[in-house]
Amino acid sequence: MDLYMMNCELLATCSALGYLEGDVYHREPDCLESVKDLIRYLRHEDETRDVRQQLGAAQILQNDLLPILVQHPQDKVLFDAVVRLMVNLTQPALLCFGKVPPDATSRHHFLQVLSYLQAYKEAFASEKVFGVLSEKLYDLLQLDWEQRQEEDTLLIERILLLVRNVLHVPPDPTEEQSVDGDASVHDRVLWALHISGMDDLLKFLASAQAEQQWALHVLEIISLMFRDQSPEELAALGQGQAAAEHGEDTRELETLRQRELAERRARALQRPSRHSRFGGSYVLQGLKAIGDRDVVFHKGLHNLKSYSHDLGKETRRVPRRRQAAPEAEPPRRSARNVRLFLRHFCQDFLEGCYNRLMLLVKDQLVREKAQQHDETYYLWATAFFMAFNRRRGFRPELVSETVGVRAFHFIEQNLTTYYEMALMDKKEAATWARRMHLALKAYQELLRTVQEMDRSPEQAVRDSSQVIKSNIFYLMEYRELFLALFRKFDETKQPRSFLRDLVETAHLFLRMLERFCRGRAGLVVQGEVPLPEDVVPFDAASETPVEEQRAEALLRIQGCLRDARAPQALRLLRSARDVWPEGDVFGPPDAGPPEETQLLREILFAPLPRHVPPEDEAPEEEEEEDEEEEEETVQVSEKEFNFLDYLKRFACAPVVRALVLLLRGYARNSPRTNHCAARLLHRLARDLRMEALLFQLSLFALFHRLLSDPAAGAHQELVALAKFVLGKFFALAATNKKAFVELLFWKSPAAVREMTEGYGSLREGEGAGRSRVPPWTPQEEQELRELYWKYKEVEGEDVIAAIVAHLPAPGRTRRQVVKQLVRLGLASSAKDFPRERKGTRLVLWTQEQEEELARLFEEFQGSEDVLGNIMKHLTARRSRARVVEKLLGLGLVSERKELYKKRRRKSHGPGPGVAGASTVPAQDSSAEDGDSEEEEEDEAEEGPMEEHWVPEEGAGQGLAHHLHQEGLAGPLRWLENCLRRTAGDREEDGVSHPVPLVPLSEENEDAMEDRRFRALLRQLGLRPPASEQESFWRIPAALTPQQLRRAAASIAHRGPDPPGSPQELLEPPRCPRDPDPAERPPAGLGSDSESEEPVPVPGAAQPGTKRRRELDSEDEDNGGSGAEPDPPAPCSQEDEDEDEDPQPLGRRKRVRRVEDEEEED
């Protein structure tokens, strides 16, 4: 639809409204129905807001609706409908589109709607229009609640919404380019609102007891009325010639005059040259050109200062995501009569409405009766009217509702919420930054009001100020707020005005805190103390199972007792009791001191298996301060406050970087802003004696620009700071030649100390974000060699863990030991010492618990659910995985499948066994195939194969022999060659990487799909695809060349059958998980002394599904362990398992498909 050609239905509807003849509007008979039709059309407009745009282009509001409103207010029904339509037409463009559209087409529609709204606002700048609205609103407010109908209440709300929509329209920058003091469209609307008496009605609504429901509407309208105003300028108005305006104008003129005089002096000093083209050429020694020669300058010496390597280069374009956040529109100076009316409105509002209205609004916000983000109007009103009251004869009783600890808490809570949302909601970070700015300005005004209360002549007011400050400075949240805002400041999301207010507020807070601490010795404040790791028994985010964390808690309690730290052991015992109250492992909940003493005694003498505690791996190189603050468990306690210690928290790179960024615009900043920034830098450099913290190249470039500025006389404080810092730098550079290199980096307090006191002056444990490693002495290196050769040949033991445990104090970390072994040439790289997976080194089972587990297994061995019955009757609660691992470790079972829940199937034969298996009907074959697939899925769900699992000696010999007989000799030779080739590559390169097994021939590809061949791969320690992104099996990097050669030798064809049933190897082998430390298998391939032979299962009676799995001892005794499986009976299943399929390997897939199709038929 062409928006410039009006829709015929809309045209007919608009024509039925009436017509304007001169100043008189004549209604048509269908005027009311036409207005309702327009409302209906707007309700069904599309996403481009076509109806709204066509009505705006036709100027329906200016030519029809406003004349109807002004000339026919007596028609109540028509008046109500016209107001409804105008509220819809004037609603903000952001509400129509949801947000500013990113694409060009939608943005065009957005701007078009916005232009129509600006035309509507200009039409509303009429005293007649607001006069009619004010009279109607006055008549409605005269009605009592008993007489007021629902239609009257709706009309009151619509009138307030209409006024809100008109005031909300932003100004048109292309049309309103007048100077300060001229009347803009917004000023003319405000003046019409004032002449009509609407401002008095707003004050009545804010103060009336019976009109509480309009509190938020009134506050929103007031905030839009003062959108372009400054409270300081309004407060200074009327005092003769406004002192603020006069002082600001004088400063600007003085700055311009100084710059003009400096330019004149520079031109006078330039040597006049009659022939400008023959000024000569000069060589700039020490300044290199593109090549190795010095720069040749072809202009006069008076132009030397303007020389730069960037001359002639194109300006580098800054990406949009890195551009600075746009600044808000600066407040403009309205016409004087408008400002006078607004000043009187502020005075009347403060005296009669402010406290009551703010109480009602806050109550609605706390009770969540308001709309989302309505608290921003509350924050704006707090900052604006408290600033006006402070500058206009400070009277604390007028703003008593928003002065107090509760007000500080409410604003700090919202500020913290906005801060967190800006970090999480990246797409709307700019919006959250604007809300954060409003909260920051309200917080700043609260601090200034409290500071003004200190100067009050009344003693009660000063006492109230002391109470408020003692509460604010005591709490930790208020002191840490500014540090968090400085650290997370992002100039791409937050404008420069936010940084300006942040610096001014932080300066005010520090000055108030410093004065508060002067006369008070031993000031106690609230602080956070990190809980020691020993007192936190449970970590919900850890991958370690809960049972192992409980066992580790027992070990830590025992360690504290052995180290004579009884109080810490008692605290840990009570904390663990709160986490694990079941089973009374750590005592009953109501345990008294005698019971706790006895329990600690039992834990002290308990034979708990020891393990090497996980060491903290400290970084050995200097790192920048991490901006992402890790959460740690803390407890709140009181401590003595020291102002200098608190000020040291500001001595960090983010704070200095933010201050330098603000001072880059020193010429545009106000004197107050420059003073606050300079004072903060002075505190860091002079009070803390960290001048080197300011030794940064960007700050020095700023100082150079400042000192060469002709108007530097207006910034004497910054000039003094620059001279002080530069003097300290050149004094340090005389002794430390590396100071010039340090200019390139932002520094921390530790780096500052190294620069001034010498590199390497930090002792161990000093400095932020770094840990100094003490050097290895010759005696320590010799002891390290002896320990390495002592524990190197011990099988089944972690060499590094043993060395760390036997090193004398002070101990070394695992990384330090490994790194020193590599330096001494005892190891080739750190990969020679792989680390065990966290959480698998500690499985606590006492002797009584092992005996109980063995007794329960013997008792329920013949039941259908062995593991379930054991879990029900086990005294100590443990996970199913830990119980299964212990049963495997004790040798009670050889495979996990022996513990699966067994379901007996109804047999059609005389009994279980071979005959029973042969009489299963054919329709059950699909179920068997499905169940066999479920078995494989269950095995896969048990967990991925551990990377450091070492296969057993001779693993896969029996299964490899069986696969040879089945015709898989070719794939076995291919697998053997892959293992030997990988072993040779790893010996030559010295580096181990996972190697995929890629089958290139059809025979090898069919073998990789065979379940028995994959079982052989598992036995050899190979790893299946770990995720959907992997397609091939892999040889793990943990297998050494020796282990790979042993595995290749184990699958080589040897001729005779090995002992044991080949059928027992049809199932995939169990990958050992986490054996007990006392029973952990050694690291070698053939050194597993705890391995046992699996229980043989009869070949012919081997079940195909979980439902048919039977573990009766009589059936097991009947089957021959070494016999080959019998051929299938004629009456057996139609589609047997692929393990017993007599077809050749190449045809198995096709035969399987044919059988599936026959089964479906």
Practice problem: Give the number of residues within segment 403-444 that are part of a helix (DSSP H, G or I) and under 19 Å from R496 (Cα atoms). | Solution: 21
Practice problem: Would you tally the residues in segment 978-1007 being over 17 Å from Q1042 (Cβ atoms), open to solvent by 30 Å² or more (accessible area, probe 1.4 Å), part of a helix (DSSP H, G or I) and without any contact (Cβ under 8 Å) to a residue 40 or more places away in the chain? | Solution: 1
Quiz item: Hey, any hits in segment 510-519 for a residue that's in contact (Cβ under 8 Å) with a residue 24 or more places away in the chain and over 26 Å from H675 (Cβ atoms)?
Solution: no
Self-check item: All positions within segment 645-675 that are among the aromatic types (F, W, Y) and assigned to a helix (DSSP H, G or I)
Solution: Y646
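If you scan segment 449-477, which residues turn out to be closer than 24 Å to R649 by Cα and either open to solvent by less than 10 Å² (accessible area, probe 1.4 Å) or in contact with a His (Cβ under 7 Å, 6 or more places away or on another chain) (or both)?
Selection gives I472, F473.
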Self-check item: Residue satisfying all of: in segment 658-696; within 22 Å of Q494 (Cα to Cα) and among the basic types (K, R); least open to solvent (accessible area, probe 1.4 Å) among these
Solution: R672
Practice problem: Inspect all residues belonging to segment 665-680 and state whether any of them is touching a His at 6+ places or on another chain (Cβ under 9 Å), among the charged types (D, E, K, R) and over 27 Å from E480 (Cα atoms). | Solution: no
Practice problem: Name the single residue, out of those in segment 165-206 being open to solvent by 50 Å² or more (accessible area, probe 1.4 Å) and hydroxyl-bearing (S, T, Y), that is modelled with the highest pLDDT. | Solution: T174
Quiz prompt | So V296, is it at pLDDT 70 or above, outside any helix (DSSP H, G or I), open to solvent by 80 Å² or more (accessible area, probe 1.4 Å) and among the hydrophobic types (A, V, I, L, M, F, W, C) | solution = no
Quiz item: Just to be sure, is P92 open to solvent by 40 Å² or more (accessible area, probe 1.4 Å) and under 39 Å from the mean Cα position of the chain (by Cα)?
Solution: no
Self-check item: Qualifying residue in segment 742-750 (condition: farther than 23 Å from D645 by Cα, open to solvent by less than 60 Å² (accessible area, probe 1.4 Å) and not in a loop (DSSP other than H, G, I, E, B))
Solution: yes
Practice problem: Kindly indicate the residue of segment 315-357 that is of a type in the set (D, E) and not in a helix (DSSP H, G or I) and also farthest from W380 (Cα to Cα) among those meeting that condition. | Solution: E327
Quiz item: How many residues, within segment 76-104, are of a type outside the set (V, I, T), touching a residue at least 40 places away in the same chain (Cβ under 8 Å) and assigned to a loop (DSSP other than H, G, I, E, B)?
Solution: 2
Quiz item: Considering only residues of segment 479-494 that are surrounded by fewer than 18 Cβ atoms within 10 Å (Cβ to Cβ) and of a type outside the set (G, A, S), which is farthest from L663 (Cα to Cα)?
Solution: E480
Quiz item: Does K728 count as open to solvent by 40 Å² or more (accessible area, probe 1.4 Å), in contact with a Leu (Cβ under 9 Å, 6 or more places away or on another chain) and at pLDDT 65 or above?
Solution: yes
Quiz item: Quick check: anything in segment 1008-1023 open to solvent by less than 50 Å² (accessible area, probe 1.4 Å) and at pLDDT below 80?
Solution: no
Quiz prompt | Subset tally (residues that are open to solvent by 20 Å² or more (accessible area, probe 1.4 Å) and free of Cβ contacts under 8 Å to residues at least 60 places away in the same chain) for segment 399-431 | solution = 16
Quiz prompt | Test result for Q258, at pLDDT below 80 and assigned to a loop (DSSP other than H, G, I, E, B) | solution = no
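The values are calculated or read from the model by the stated rules, or taken from the named source; none is laboratory data. None of these values were measured; they are calculated from a predicted model. Glycine also receives a Cβ, built like all others from the backbone with ideal geometry; neighbour counts cover every protein chain displayed. In case anyone asks, the SASA skips ligands and DNA or RNA and just uses the protein heavy atoms, side chains included. Shrake-Rupley method; radii C 1.70, N 1.55, O 1.52, S 1.80 Å.
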